[in-house]
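Input: a single structure, listed below in structure tokens.
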Amino acid sequence: MSTYWNTRTKNLSPYVPGEQPRDRRFIKLNTNENPYPPSPKVIEAVQKAADERLRLYPDPECTEFREAAAARYSVKPEQVFAGNGSDEILAFAFGAFFESGAEAYPVLFPDITYSFYPVYANLWNIPYSAIPLCEDFSVKTDHYKIPSGGAVFPNPNAPTGIPVPLADILSLAGYLGAVNKALVVDEAYITFGSVIDGGQSAVPNINDHPNLLTVHTLSKSASLAGLRFGFAIGNEKLIEGLRHVRDSFNSYTVDRLALAGAAAAVKDFSYYDEIKRRVVATRERTAESLRSLGFNVLPSAANFLFIKAPNVSGRDLSAALRENGFLVRHFNKERIADYLRVSMGTNEEMDAFLKACGEITGRA
Ligand code: PMP
């Protein structure tokens, strides 16, 4: 805090990201990164882009990526927006579509969800209302059919990993559309669910719902958290709204290297299908092993599990795992304080993790 800060800055309560250690070597299961490397074609594209052209500004339209994504998702390039990570796009979406000021209806999101949403709402001075998850930690979209300024949630939800049925999402989009409000579905982890049941993307439905924006990231499924690249797919008018906000802020949010890498990533389905398959297989195996150790494991369609030990608090388990060289994410929040969010590592890393869990809980 400083006397030079304005009132707005003093009133912010920023998001705190998971730890990125620079000293000790940990097995990092705390920020939902992908344990496998990005496609070799991505590395090659980034290396090729690292030349004298870096003196030039990048393409503010992100044409190469938007055309590649349009082909990949069977939409028009005008229905694609590219940004510096999906966090940036979510921040723009709050600013573009949800009304500010004390008289505005609140934007709705789950009480247990991505903890950046209330931060964006506060930043833009948007009133919000947190809708409690059901007893089983699922999102019931009927609870969002009340007067509001719009709604946002991840599918699957984070940190629970539980998917929201597509039919429910579309029904809510219809309800909100009838009152001219936007629905933002944050599909950060959608890829990891489509292999099995649950987790179905709303992208094919954007033409039926002009108020439905889907937000995506290359950080998780494309192993590119370090590149900072996200994108949104929705009706042309929504995309135009995002650009309106972006261009009131920074015309060049995506740099040349990220643009080249992202375009290569979205084209290389076969590589990414294979690593997704591996992550999902590891998740299923890890969930089963944890259940046999007596853990409660929520049914996840993401690249992480939300787990509760039979006899150790969330705080203590997190601390003990850290002692053993594992970083996981603990949220000190009502209802979930005894849960930990554990990102999927490689099979070897998860074997070591399971061994540590068995030892710590005395169930080995
Ligand atoms: N949405 C959700 C639900 C997330 O968990 C994350 C990752 N922290 C993001 C969006 C942001 O991802 P990124 O900015 O890396 O694209």
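The values are calculated or read from the model by the stated rules, or taken from the named source; none is laboratory data. None of the values given here were measured: they were computed from a predicted structure. No Cβ is skipped: glycine too gets one built from the backbone with ideal geometry, and neighbour counts run over all protein chains shown. Surface accessibility is based on the protein's heavy atoms, side chains included, excluding ligands, DNA and RNA. Shrake-Rupley method; radii C 1.70, N 1.55, O 1.52, S 1.80 Å.
For the stretch 95-242, just the Cα set please: Rg and Dmax, both in angstrom.
My reading of the Cα-based Rg and Dmax gives 14.5, 44 Å.
Once you list every other residue whose beta carbon is under 15 Å from the beta carbon of Gly85, what net charge do they have if Lys and Arg are +1 and Asp and Glu are -1? Each step should come with its number before you reach the end.
Values: positive: Lys220, Arg228, Arg246; negative: Glu33, Asp87, Glu88, Asp186, Glu187, Asp255.
Every neighbour counted, the sum reads -3.
Report His330's accessible area, 1.4 Å probe, all protein chains in place, as a number in Å² to the nearest 10.
Approximately 50 Å² for this residue.
What is the stretch 137-263's relative contact order, in percent, from Cα pairs under 8 angstrom and six or more apart in sequence?
19
Let me check I've understood the local charge: for Arg322, count other residues with C-beta under 12 angstrom from its C-beta, Lys and Arg +1, Asp and Glu -1. What total comes out?
On the way: positive: Arg24, Lys28, Arg315, Arg329; negative: Glu19, Asp316, Glu323.
Taking every other residue near Arg322 into account, the sum is +1.
Only loop residues by DSSP count here, and only those with at most 14 other Cβ atoms within 10 Å; note down the GluC sites (Glu not before Pro) in the stretch 1-76 that meet that. Walk me through the numbers on the way to the answer.
Values: sites: Glu19, Glu33, Glu44, Glu52, Glu61, Glu64, Glu67; in loops: Glu19, Glu33, Glu61.
When the GluC sites (Glu not before Pro) of the stretch 1-76 are filtered for loop state and at most 14 Cβ neighbours within 10 Å, Glu19, Glu61 remain.
Taking every eigenvalue of the Cα gyration tensor of the chain, multiplying by 5 and rooting it, what semi-axes result, largest first, whole Å?
31, 26, 21
Compute log10 of I(q)/I(0) for the stretch 171-235 with the Debye formula, placing one identical point scatterer on every Cα and leaving out solvent, at q = 0.28 Å⁻¹, to two decimals.
-1.15
Where does the stretch 208-317 land on Rg/Rh, using Cα atoms and the Kirkwood Rh?
Taking Rh as the inverse mean 1/r over Cα pairs, Rg/Rh reads 1.10.
Mind checking which aspartates and glutamates have their Cα closer than 15 Å to the Cα of Lys355? Skip sequence neighbours fewer than 8 apart in that chain.
Glu288, Glu323
Restricting to Cα pairs below 8 Å that are 6+ residues apart, what does the relative contact order work out to for the chain? Please round to a whole percent.
23
Only loop residues by DSSP count here, and only those with at most 14 other Cβ atoms within 10 Å; note down the trypsin sites (Lys or Arg not before Pro) in the stretch 12-103 that meet that. Show your work: numbers first, answer last.
Numbers: sites: Arg22, Arg24, Arg25, Lys28, Lys41, Lys48, Arg53, Arg55, Arg66, Arg72; in loops: Arg22, Arg24, Arg25.
Hits after loop and neighbour filter: Arg22, Arg24, Arg25.
Considering amide H positions built from the backbone, and no H for Pro or chain starts, which residues 5 or more places from Tyr128, or on another chain, come under 5 Å of its amide H?
Under 5 Å from the amide H of Tyr128 lie the amide H atoms of Val107, each far enough along the sequence or on another chain.
Out of the stretch 278-364, which GluC sites (Glu not before Pro) are coil in DSSP terms and have no more than 15 other C-beta atoms within 10 Å?
Working: sites: Glu284, Glu288, Glu323, Glu334, Glu348, Glu349, Glu359; in loops: Glu334.
Passing both the DSSP loop test and the Cβ count: Glu334.
Net charge around Pro159, counting only other residues with Cβ within less than 9 Å of its Cβ (Lys, Arg = +1; Asp, Glu = -1)?
+2
Past the 19 angstrom mark, what percentage of all C-alpha to C-alpha distances in the stretch 51-142 do you count?
On the way: 2465 of 4186 pairs.
Roughly 59 percent, once rounded to a whole number.
Which residues' amide hydrogens lie under 5 Å from the amide hydrogen of Phe326, considering only partners 5 or more residues apart or on another chain, with H built in the peptide plane?
Ile27
Tabulate in residue order the Karplus-calculated ³J(HN,Hα) for the stretch 150-161, using 6.51 cos²θ - 1.76 cosθ + 1.60 with θ = phi - 60°, rounded to whole Hz; enter x for Gly and Pro.
Calculated HN-Hα couplings, in order: x, 8, 8, 7, x, 10, x, 5, 10, x, 7, x Hz.
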